[in-house]
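First comes the structure, then the notes that go with it.
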């Protein structure tokens with residue numbers, strides 16, 4: 001499928017005609033948080049404009065407090081920009097919904113629901129027929145390696161397993177947009193590597209557009225089609241890096257991480273992205 | 001272990017004659033009193049006393065749970081309701097339940113209705129407050145997760161907030177049951193013609209300290225059993241909870 005990317009100069013009408021249904025567009029998005037108890041308001045995001053192509057894997061990195069998570073929340077309809085607009089395809093994003101599924105850092109599984117019930121919950125909420133529910137769950141359980149754990153409660157699972165359930169809970173809805181907010185930050189290094197590779201595998205099945213926020217430069221370089229580096233607060237786009245230019249015809253993510261890591265181009269890109277972020281870090 | 005030590009000390013102190021059997025009856029006398037009680041005491045069988053106390057506890061308690069839990073949930077979910085009821089709850093809460101007994105007698109007489117009322121008052125506070133806090137403290141990330149999965153407001157309340165708060169609601173219900181039991185005994189100390197508080201008070205009035213002791217031990221055992229049964233049910237109904 002060809003993804004149409006509306007240029008930043010295109011008029012709204014052109015944009016409406018050429019837009020791919022799963023693309024994401026940020027139009028001059030700013031977020032101003034009101035100050036508490038007379039403190040001045042905080043500008044968290046400053047005129048963020050970007051087009052994300054259908055099925056693109058976009059990773060946002062930046063120093064702490066640069067508004068990465070706020071961008072994700074706005075993309076998921078959990079927060080409304082103070083000014084500007086976010087579109088998914090032609091649809092203005094105003095509220096959360098199953099077509100923009102979110103995977104959270106702390107997994108956010110429902111502790112009173114078993115693995116299957118957690119995965120099924122979104123399907124039930126959206127009145128997916130029983131047969132189709134069973135069909136999709138039967139498909140995802142082996143994919144996330146949790147066959148045999150159907151009746152387990154989240155607290156009986158390891159962190160990596162919990163996050164796999166959370167990813168399945170999102171993917172089972174066949175979302176057009178998959179939003180991931182530092183999904184692997186709570187995992188240890190080994191689990192993290194395994195999960196990054198597994199995510200690529202699971203994502204490849206249907207390829208929803210992904211917006212992925214992380215602190216890890218390595219993770220960003222490995223997973224991304226493009227990396228957005230943010231400035232420190234107020235968050236602006238500092239640079240957009242197309243990873244595909246250095247990774248060659250094949251993506252980094254198509255190969256095992258330990259092989260990719262030994263690649264000079266990978267290391268160079270990692271150093272470059274880290275340099276961009278380091279310039280933004282201020283020790284206060 | 002501690003129970004055995006207390007029993008041993010009790011037996012020792014009363015057997016060597018350090019205290020008069022009137023102040024502290026020896027275990028043998030208490031066992032004998034227990035036998036008298038089991039055979040029927042003051043014109044009522046043990047079953048009658050048990051029924052007198054338990055029926056009042058259960059009716060007052062169930063009414064408190066049926067009103068307190070939904071009210072607490074609604075107060076947490078609907079802000080104006082909280083503003084409406086919170087001052088009332090905060091003001092009435094410091095009154096110890098037994099302090100309601102005279103008023104209950106004035107309003108309802110010395111029958112069962114008055115005692116049920118006092119039990120209701122004692123049990124509703126823990127039901128309401130725990131339900132309120134349980135819903136208030138539903139982790140915001142669970143709400144966000146559910147909304148992003150497509151949950152409506154009704155689904156958020158019934159399928160996320162309430163199940164999430166269930167362990168805390170259950171512990172409120174368990175605390176309320178203990179409070180209700182303590183309160184009925186207190187009420188029976190004041191006015192009653194049957195029940196365990198009545199047994200304790202009769203023992204006191206008739207200079208039968210062994211009867212008094214049996215009454216107290218019975219109150220303890222029944223309270224302990226109620227808690228045990230409740231925990232069993234809790235474990236069954238809330239299998240995901242962190243039970244020790």
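Here, each number is a calculation from the coordinates, and none is a lab measurement. What you are looking at is a predicted structure, and each value in this text was computed from that prediction instead of being measured. With ideal geometry, Cβ positions are generated from the backbone for all residues, glycine too; neighbour counts draw on all protein chains shown.
For the reader, a short list of remarks on this structure follows.
- Tail weight of P(r) past 14 Å, computed on alpha-carbon pairs of segment B:188-243, percent: 62
- Helix B:27-39 and the long axis of chain B differ in direction by around 70°, with both axes built from C-alpha atoms.
- Relative to one another, the C-alpha centroids of segment A:186-225 and segment B:86-155 are positioned 47 Å apart.
- Mean projected area in nm² (Cα convex hull; one quarter of hull surface) for chain A: 16.7
- Protection-proxy order for peptides B:157-163, B:193-199, A:104-110, each taking the mean of Cβ atoms within 10 Å per residue, highest first: B:193-199, A:104-110, B:157-163
- Long-range tail of P(r) for segment A:129-284 (Cα pairs > 21 Å, %): 52
- Volume of the Cα convex hull of segment A:57-96, divided per residue and given in Å³: 80
- Among B:164-172, A:222-230, sorting by the average number of other beta carbon atoms lying within 10 angstrom of each residue, highest first, gives A:222-230, B:164-172.
- Kirkwood-based Rg to Rh ratio, segment A:48-121, C-alpha trace: 1.00
- At the listed q of 0.16, 0.18, 0.24 Å⁻¹, the Debye profile of segment A:177-239, built from one uniform point per Cα, gives log10 I(q)/I(0) equal to -0.57, -0.71, -1.14.
- Cα centroid separation, segment A:98-177 to segment A:234-273 (Å): 30
- Within chain A, antiparallel bridges make up roughly 50 percent of the DSSP beta bridges whose residues both belong there.
- Taken over segment A:96-183, the alpha-carbon convex hull comes to 90 cubic angstrom per residue.
- Ranking of A:27, A:132 by neighbouring Cβ atoms within 10 Å, starting from the fewest: A:132, A:27.
- Segment A:108-158: translational diffusion in µm²/s, Stokes-Einstein, Kirkwood Rh over Cα pairs, 25 °C, 0.890 mPa s: 218
- Value in Å of the Kirkwood radius, where the protein assembly as shown supplies the Cα pairs that are averaged: 27.9
- Each Cα pair under 8 Å and six or more residues apart adds its sequence gap; the mean of these over the residue count of chain B is a relative contact order of 24 percent.
- The mean sequence separation of alpha-carbon pairs under 8 Å and at least six residues apart, normalised by the residue count of chain A, gives a relative contact order of 23 percent.
- Between residue A:278 and residue A:130, the simple label model (points 7 Å from Cα in the Cβ direction) yields a spacing of 6.0 nm.
- Counting beta carbons within 10 Å around each of A:68, B:235, A:238 and listing the fewest first gives the order B:235, A:238, A:68.
- Globularity ratio of segment B:118-244, using Cα Rg and 2.2 N^0.38 Å: 1.46
- All Cα pairs of segment B:151-210, percent lying beyond 15 Å: 65
- Note on B:138-144: average number of Cβ atoms from other chains within 10 Å of each residue's Cβ is 4.
- Selected from A:175, A:256, A:34 as most flexible by GNM, with chain A as the system and alpha-carbon contacts under 10 Å: A:34
- Each listed q (0.18, 0.21, 0.28, 0.30 Å⁻¹) maps to a log10 I(q)/I(0) for segment B:77-141, found by the Debye formula over equal Cα scatterers with no solvent: -0.75, -0.89, -1.16, -1.24.
- The convex hull drawn around the Cα atoms of segment B:9-140, when projected onto a plane and averaged over every direction, covers 12.7 nm².
- Rule-of-thumb Rg ratio for segment B:106-180 [Cα; 2.2 N^0.38 Å; N residues]: 1.51
- Convex hull volume per residue, computed on the Cα atoms of segment A:205-284, equals 105 Å³.
- Two numbers describe the Cα atoms of segment B:43-89: Rg and Dmax, which are 17.0, 54 Å.
- Highest mean packing comes first when the peptides A:118-127, A:161-170 are listed by Cβ atoms within 10 Å, giving A:161-170, A:118-127.
- Shielding of A:162-172 by partner chains, average beta-carbon count, 10 Å: 1
- Mean projection of the Cα convex hull over all viewing directions, computed for segment B:15-67: 5.5 nm².
- Relative exposure of B:226, A:74, judged by other C-beta atoms within 10 Å (fewest first): B:226, A:74
- The mean count of C-beta atoms from other chains within 10 Å of the C-beta of residues in B:150-162, rounded to a whole number, is 3.
- For chain B, the equivalent ellipsoid derived from the Cα gyration tensor has semi-axes of 42, 22, 14 Å, listed largest first.
- The three principal axes of the Cα atoms in segment B:59-204 give end-to-end lengths of 64, 26, 20 Å, sorted in falling order.
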